[in-house]
Amino acid sequence: MGVRSVCCILLISLIKSFSAHGDFFTSIGHMTDLLFTEKDLVTSLKDYIRAEESKLEQVKQWAKKLDALTATATQDPEGFLGHPVNAFKLMKRLNTEWGEVEDLVLKDMSDGFISNLTIQRQYFPNDEDQTGAAKALLRLQDTYQLDTQTISSGDLPGVTTSSPFKSTLTVEDCFELGKVAYSEADYYHTELWMAQALKQLDEGEETSVDIVTVLDYLSYSVYQQGELERALEQTKRLLSVDPEHQRALGNLKYFDYQLAKQKKDEKEPSAKEESKKEQERTVGKGEYFPEKRKYEQLCRGQGVRMTPRRQSRLFCRYYDNNRHPIYMIGPVKQEDEWDRPRIIRYHDIITEKEMEKVKELAKPRLRRATISNPVTGVLETAQYRISKSAWLAAYEHPVVDRINQRIEDITGLDVKTAEELQVANYGVGGQYEPHFDFGRKDEPDAFKALGTGNRIATWLFYMSDVTAGGATVFPEVGAVVKPMKGTAVFWYNLFSSGEGDYSTRHAACPVLLGNKWVSNKWIHERGQEFRRPCGLKETD
């Protein structure tokens, strides 16, 4: 078996380890495998280049030798062929050796590379992955209020000028982002990215993208947003480049007509239109989505701030959970993150080795994270949850069992009725928009199949640092909890009365820069009857 065949077999086994998962864009952890696949492809391509160069070198040497020989021979053909050896070698060259040169020139050196590429292509990301990654950039743009130039130049928050990973967008990249937005009828982002592509074209960037096509998309997206004058301006520029562009010629007449009509209507405004304009002035675009606006503000580090008086009541302490035998000698570091609801962070609560083992166990099982449909109860994927997750049971490895026991010892809650440890890795712009962990009254069957009652509390490990973004935010109260590797946060989802605490509605902000790994334990009501006795009041 040749070296190339062995390489192909190794590559196939590498790829098969993640080929079944799909949805690459939803997990940075799985996307790392693609980098190694691409590296192997580059190695294969370089092998092909070397083979082609070797073939060309042989042809060049042959041509060089024959060039010198024929130059001498043609000066005195009869004298040259008068030597019997020369006559024999001429017959031999033309009958045999030129055939060998022909075979060499016709030999396809790309077979190995093409075969390798064909095998791997079936495991490549698909259109859904590319579109998902593009939408992630648009989501990051909105959430963190980034302009197209900032993204295109690669100057994202947290990226230093000396960073080896800084990357920029080409005209083709900007054009592709604009087309993805256009396919979703998102003309706002279509305009932004087509304008950025046009800007880079005007600056002289070399590209295969036609300026006429960019202007065509740009003028139409501007028109769709009601900006007739600007749409007309872009159309005129398009026609200055391509005077015979049929659609632009038609649009020019139509925009002129619509603009004239609009100006006429503005002179004679109806009462109905005045009422509509007044409503638009009164209610801004963001007013329809107050929670989303608060969520994005918190992700940016804006929004609600705790008063100094409340903040003065938050403390750090060494905690032994009422003199628990394990923590009397070595208490854990506990920090108050928020007061209502009470959110507690535990520092240095999980070791580096434990985190790596959990990731190692989870990575082969990572699947697109799902949500429970509130109507049908069926688990399904959702655009507002971009991550992959896996579940680890205590019996699978001593580390998982040890982590579960640690959670029980610190919280004082029974984890025997808790759900398995869920491990999640977020993808490009990975997020989980505002949600509750507990089942509400309109979801009486949310956890019926488990038979362990509602989710009484949440324990969340942060298993990586995140350079920018990725915070856990609570829009109802304004709390922001930033990822810190090796720490965990804990809060109760239910009051001691069993009623849901709606202030615990929370979200995972989109990851702007970095790789976010978390694991969480959802603790249920059953088994806590004597560990957390029921309160007499609804909000106890």
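Take the cross-link list Lys135/Lys441; Lys65/Lys89; Lys292/Lys333; Lys135/Lys294; Lys441/Lys537 and give me the ones stretching past 24 Å between alpha-carbons. Long pairs (Cα-Cα over 24 Å): Lys135/Lys441; Lys292/Lys333.
The residues of the chain present an accessible area of 56 Å² per residue when probed at 1.4 Å with all protein chains retained. The calculated Kirkwood hydrodynamic radius for segment 24-122 is 17.4 Å, given to one decimal from all distinct C-alpha pairs. Per-residue ellipticity at 222 nm from helix content only, as computed over the chain with -39500 (n - 2.57) for each DSSP H run of at least four residues, stands at -15000 deg cm²/dmol.
Carbon and sulfur: what percent of the chain's accessible surface (1.4 Å probe)?
Details: 16440 of 30270 Å².
About 54 percent, which is the carbon plus sulfur part of the accessible surface.
Computing Rg and the Kirkwood Rh from the Cα coordinates of segment 306-524 gives a ratio, Rg/Rh, of 0.94. In the context of the full protein assembly, Leu249 retains an accessible surface of approximately 60 Å², using a probe radius of 1.4 Å and ignoring ligands and nucleic acids. Taking a straight line from the alpha carbon of Lys353, these aspartates and glutamates sit under 15 Å away, with near neighbours fewer than eight places off in the same chain left out: Asp401. Whole-Hz Karplus values for segment 338-354 come out as 7, 9, 9, x, 6, 10, 10, 10, 10, 8, 6, 9, 9, 7, 4, 5, 5 Hz, taken residue by residue from phi with 6.51 cos²θ - 1.76 cosθ + 1.60 and θ = phi - 60°; glycine and proline positions read x. So which lysines can Lys359 reach, going by Cα to Cα under 16 Å and dropping same-chain residues fewer than 8 places off? Qualifying lysines at Cα under 16 Å: Lys388, Lys485, Lys516, Lys521. Summary value for segment 380-532: 33 percent relative contact order, contacts being C-alpha pairs under 8 angstrom separated by 6+ residues. Here the spin labels are modelled as points 7 Å beyond Cα on the Cα-Cβ line, and at Arg305 and Ile49 they lie 5.5 nm apart.
Straight-line reach from Lys264: taking Cα to Cα under 19 Å and skipping same-chain neighbours fewer than 8 places apart, the lysines in range are Lys253, Lys272, Lys276, Lys277.
Mind jotting down a quarter of the surface of the convex hull over the alpha carbons of the chain, in square nanometres, one decimal? Can you show the working numbers first?
On the way: hull surface 167.2 nm².
Averaged projected area of the chain's Cα convex hull equals 41.8 nm².
Geometric descriptor of segment 434-540, per residue, is 111 Å³ (volume of the convex hull of the Cα atoms). Remark: the chain carries a charge dipole of roughly 1760 debye about the Cα centre, counting +1 on each Lys and Arg Cβ and -1 on each Asp and Glu Cβ.
Can you tell me the relative contact order of the chain? Whole percent, Cα pairs under 8 Å, sequence separation 6 or more.
Working: 778 pairs, mean separation 74.3, N = 540.
Worked out over the chain, it gives 14 percent.
What is the distance, in nm, between label points placed 7 Å from the Cα along the Cα-to-Cβ direction at Glu335 and at Leu81? The answer from the label model is 9.4 nm.
The values are calculated or read from the model by the stated rules, or taken from the named source; none is laboratory data. All values reported here derive from a predicted model rather than from experimental measurement. We place every Cβ from the backbone using ideal geometry, glycine too, and count neighbours over all the protein chains shown. Just so you know, the surface numbers come from the protein's heavy atoms only, side chains and all, with ligands and any DNA or RNA stripped out. Shrake-Rupley method; radii C 1.70, N 1.55, O 1.52, S 1.80 Å.
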